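Scroll down for the structure; my scribbles are underneath it.
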Amino acid sequence: MHKDLVLFSQLCDVLLAEEIKNPVTKPLVANGLIEQLDLKLNDHPTLDNDFQEILVELIKSTPKTASKSFFNQLFGGRIGKSTLGELLSVMFNNSMYTYKVAGPQVLIEKEVIKNICQLAGYPVNSGGTLAPGGSMSNMMGIIMARDAKNPNIRDEGHSNKMTMYSSEASHYSISKNAALIGIGRNQVRLIKTNHKGEMSVSHLNAAIQNDIENGFEPFFVNATAGTTVLGAFDDIMAISKVCKKFKLWLHVDGAYCGGVIFSTKYKHLSYGLEASDSFSLNAHKMLGTPLSCSIILTKHKEQLHHSFANEADYLYQTEDDEYNLGKTSLQCGRRNDALKLWTLWKSVGTYGIEKIVDHQFQLAETARNYVKSNPDYTLYSFENSISVCFNYRDIPADELCTALYENAKLMVGYGNFNGETFIRLVTINTAVDHDDIIAFFKTLESYITSHKFPIYNHEKQQVSSR
Ligand code: ABU
């Protein structure tokens, strides 16, 4: 074991050096890669030296999400104290279902949940758990809403046409989960948004009313704190009033930007959160922990238990349900995903996490200012968003992003909204500073100049009206 940990440490050194030397991995063609990197599994053992070499090649050819050139997804960077927590949880190899096998790890998860509930404005007896990703956190919210509407569904299944509501800019997991839990994708009403990507509350109200009149059974509304493309925040307070009127469960999908609750300056973006019934938050996004650290909270702790508990006498043999976390979780075997957030939080404090969140908004400000002040760019996104969406000289965003990736210049993706396609620069990467944002634009511009990229339109677009 010790020998393998020494090797692990050496491999980490290779990775850290690679992230600086080759921040964007030159992509290899997927077809044929299995032979090229010697990934095939064999009947016979691999010699130690060959094993090490294969791993070094694997490191070199794996995309570098912690490098300063990674802006592609809603996560990125690496924070040492949090990575330490993640590595420790691998070494501990506990499972969180019982106090008997997880011991103090259970208390760590409970402490994290309790503190986030406080920041969300939830009452003291609220609860929560961790799920394997934001989609599954949202699924847990939907399941609690379904069971709160009809407590017999867990035993009998459902026969009514139950309907769900979420904006057309919300995450695809809402529809996917409707399919997975048997509600059906066609029972998801995608509510219109305004020009900023925020859900129309009047359309929501009308859609619910219309469904009731037509014999459907509405049960769940999802509001989003940070939509996937534009990073928009729905008006949670206004939506909560509609939910109250129709007695519907309000879930807030804060997977992307729910981390604003840590920031004195930006928590107003989630105003009304305390009126929701459940709230999901991905600490591996805005809070900078490694993947995955997906948290689902609810004011209705008893509902979490009702929806997810199942007896198993071979498993639950000591303590009560309060400390046997398998009674409130989606999974059976489950690593302590809260530990990496706890090690970070313990080391930097709530104020330290606030700085992490605020830094991302500052970087977005830098990027937006750059775009606004340069006539070759068109801006599509808005203030208070860490997704900076733009086009450069009307070059098709998909072609440009793919060219930057294939030529190992930058990792950045593109998105669509209201019929426009644009580059989405996500300023969530904790490794990045002001100069790296400027370097991003300079790299993009010099790539276009040096590669004589076809240019469609040099004229300045009207950014101020967007
Ligand atoms: N929840 C994952 C979203 C992926 C992305 O848009 O980057």
Determine which member of the set THR427, THR402, THR421 is open to solvent by 30 Å² or more (accessible area, probe 1.4 Å) and within 15 Å of the ligand (Cβ to nearest atom). THR421
Looking only at the stretch 433-449, decide whether some residue is within 21 Å of the chain's Cα centre (by Cα) and of a type outside the set (Asp, Glu). no
Among the residues of the stretch 337-355, which ones are among the aliphatic types (A, V, I, L, M) and open to solvent by less than 30 Å² (accessible area, probe 1.4 Å)? ALA338, LEU339, LEU341, LEU344, ILE353
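So, GLY32, is that one touching a residue at least 40 places away in the same chain (Cβ under 8 Å) and on the phi > 0 side of the Ramachandran plot or not?
No, not satisfied.
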Within the stretch 63-112, how many residues turn out to be of a type in the set (Ser, Thr, Tyr) and either within 16 Å of the ligand (Cβ to nearest atom) or in contact with a Pro (Cβ under 9 Å, 6 or more places away or on another chain) (or both)? 5
Take the residues in the stretch 58-92 that are farther than 9 Å from THR289 by Cα and of a type in the set (Ser, Thr, Tyr); name whichever of them is surrounded by the fewest Cβ atoms within 10 Å (Cβ to Cβ). THR62
Please verify whether the stretch 110-125 includes one or more residues that are crowded, with 20+ Cβ neighbours inside 10 Å, of a type in the set (A, V, I, L, M) and in a loop (DSSP other than H, G, I, E, B). no
Among the residues of the stretch 383-430, count how many are within 25 Å of ALA283 (Cβ to Cβ) and of a type in the set (D, E, K, R). 2
Take the residues of the stretch 128-143 that are surrounded by fewer than 22 Cβ atoms within 10 Å (Cβ to Cβ) and outside any helix (DSSP H, G or I): which is farthest from the ligand (Cβ to nearest atom)? PRO132
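If I ask for residues that are of a type outside the set (A, V, I, L, M, F, W, C), within 16 Å of the ligand (Cβ to nearest atom) and either closer than 14 Å to LEU204 by Cβ or surrounded by fewer than 15 Cβ atoms within 10 Å (Cβ to Cβ) (or both), which ones from the stretch 147-175 would you list?
If the condition is that a residue be of a type outside the set (A, V, I, L, M, F, W, C), within 16 Å of the ligand (Cβ to nearest atom) and either closer than 14 Å to LEU204 by Cβ or surrounded by fewer than 15 Cβ atoms within 10 Å (Cβ to Cβ) (or both), then SER166, SER167, GLU168, SER170, TYR172 are the ones that fit.
The values are calculated or read from the model by the stated rules, or taken from the named source; none is laboratory data. If you're wondering where the values come from, they're calculated on a predicted model, not measured in any experiment. Glycine also receives a Cβ, built like all others from the backbone with ideal geometry; neighbour counts cover every protein chain displayed. To get the accessible areas, we keep the full protein, side chains included, count just its heavy atoms, and leave off ligands, DNA and RNA. Shrake-Rupley method; radii C 1.70, N 1.55, O 1.52, S 1.80 Å.
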